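Written out below as structure tokens is the structure these notes cover.
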Amino acid sequence: MLLQEEREAVVRICRLMSAEGLVVGTAGNVSVRKGELIAITPSGLSYDALTPELVSVCELDGTPVDSPLKPTSELPMHSAAYLQSMPGAVVHTHSVAATALSCLVDEVPPVHYYLGLFGGSVRVAPYALYGSPELAENMCVAMTDRTACLLANHGAVVLGNTLDETYERAKYLEWLCEVALRVQSVGLLPRELGEERMAEAVDRLATYGQKAPER
């Protein structure tokens, strides 16, 4: 089966997204790149029913290569992300905090240094109909020099080198949005991190983390 490992990984991450509340129903979508091909979720299929064989394989521009079902309606957004910055994976969630915050702000308030995981401020792309070229274009602008953005009145998009890394970043982004919502709900002026502090965090987090030794 073409891109078997990548298709299996897509199924695994989709199940995690559903179990951990980053999506509801058939919302959200996931893709992972291998060379000039991507494995990507099909459109409107329950994650419980998703199997590796039903994951679509497409070229970077969205042309189907092995697609038993219609690919996700957000294929234009995934393609645009790959063609713009060539990440290893894309995760699009409809998580509650990220979606709620996307209705309120133009960027995630800089109240925590974890924003450095995404290159700095996480912007909110202007609203456009889901699956539309306009949404893909808006996302690309918001994602300039960043690895995440919110989509206004919609959800979040995160890029990464691997699918596992990208999914972990999506969870960090949801946590950041939850913190921002709680800070805003108090009604006091929050203490925000300035550009200098955020730049320090970006540099420090760029080399943060390590792996356990192989046994």
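The values are calculated or read from the model by the stated rules, or taken from the named source; none is laboratory data. Since the structure is predicted, the reported quantities are computational estimates derived from the model, not experimental observations. Cβ placement follows ideal geometry from the backbone for every residue including glycine, while neighbour counts extend to all protein chains displayed. Accessible surface is based on the protein model in full, side chains and every heavy atom, while ligands, DNA and RNA are left aside. Shrake-Rupley method; radii C 1.70, N 1.55, O 1.52, S 1.80 Å.
Over the chain, dividing the summed -39,500 (n - 2.57) contributions of all DSSP H runs of at least 4 residues by the number of residues returns a 222 nm mean residue ellipticity of -11500 deg cm²/dmol. Using θ = phi - 60° in the Karplus curve 6.51 cos²θ - 1.76 cosθ + 1.60, the 3J(HN,Hα) couplings for the stretch 52-62 round to x, 5, 8, 6, 7, 10, 9, 6, 4, 7, x Hz; x is entered for Gly and Pro.
Pull out the extension gain between Cys103 and Ser43, defined as 0.36 nm times the separation in residues minus the alpha carbon to alpha carbon distance; nm, one decimal. In short, 19.1 nm is gained. In this Cβ point-charge picture (+1 for Lys and Arg, -1 for Asp and Glu), the chain has a dipole of about 400 debye about its Cα centre. Measuring only protein heavy atoms, the 1.4 Å probe finds Leu69 accessible over about 60 Å². Measuring nothing but how far apart in sequence close Cα pairs (under 8 Å, 6+ apart) lie, relative to its length, the chain scores a relative contact order of 20 percent.
Can you tell which of Leu60, Leu50, Leu193 shows the greatest fluctuation in a Gaussian network model of the chain with Cα springs below 10 Å? Answer for the Gaussian network model of the chain: Leu193. In the distance distribution for the stretch 66-109, Cα-Cα pairs more than 13 Å apart total 67 percent. Using a probe radius of 1.4 angstrom, the carbon and sulfur fraction of the accessible surface of the chain is 52%.
On the beta carbon distance between Asn153 and Arg15, with R0 = 22 Å, the FRET formula returns roughly 0.25.
Out of the DSSP beta bridges found with both residues in the chain, what percent are antiparallel (nearest 5)? Just about 95 percent of them are antiparallel.
Note on the stretch 1-107: Cα Rg divided by 2.2 N^0.38 Å, N the number of residues, gives 1.04.
The modelled label-to-label distance for the pair Gln210/Glu168, using points 7 Å beyond Cα in the direction of Cβ, is 1.4 nm.
In terms of accessible area, using a 1.4 Å probe and ignoring ligands and nucleic acids, Thr166, Thr144, Thr207 rank largest first as Thr207, Thr144, Thr166. Please give the FRET efficiency for Glu200 paired with Trp175, using the beta carbon to beta carbon distance and R0 = 25 Å, rounded to the nearest 0.05. For R0 = 25 Å, the calculated efficiency reads 0.80.
When the Gaussian network model of the chain links Cα atoms closer than 10 Å, the mean-square fluctuations of Val96, Val179, Val124 top out at Val179. Surface listing: Asp66, Asp203, Asp48, Asp164 arranged by accessible area from highest to lowest gives Asp48, Asp203, Asp164, Asp66, probe 1.4 Å.
Here the scattering of the chain is modelled by Debye summation over its C-alpha atoms, one equal scatterer each and no solvent; at q = 0.10, 0.14, 0.15 Å⁻¹ the log10 of I(q)/I(0) is -0.42, -0.80, -0.92.
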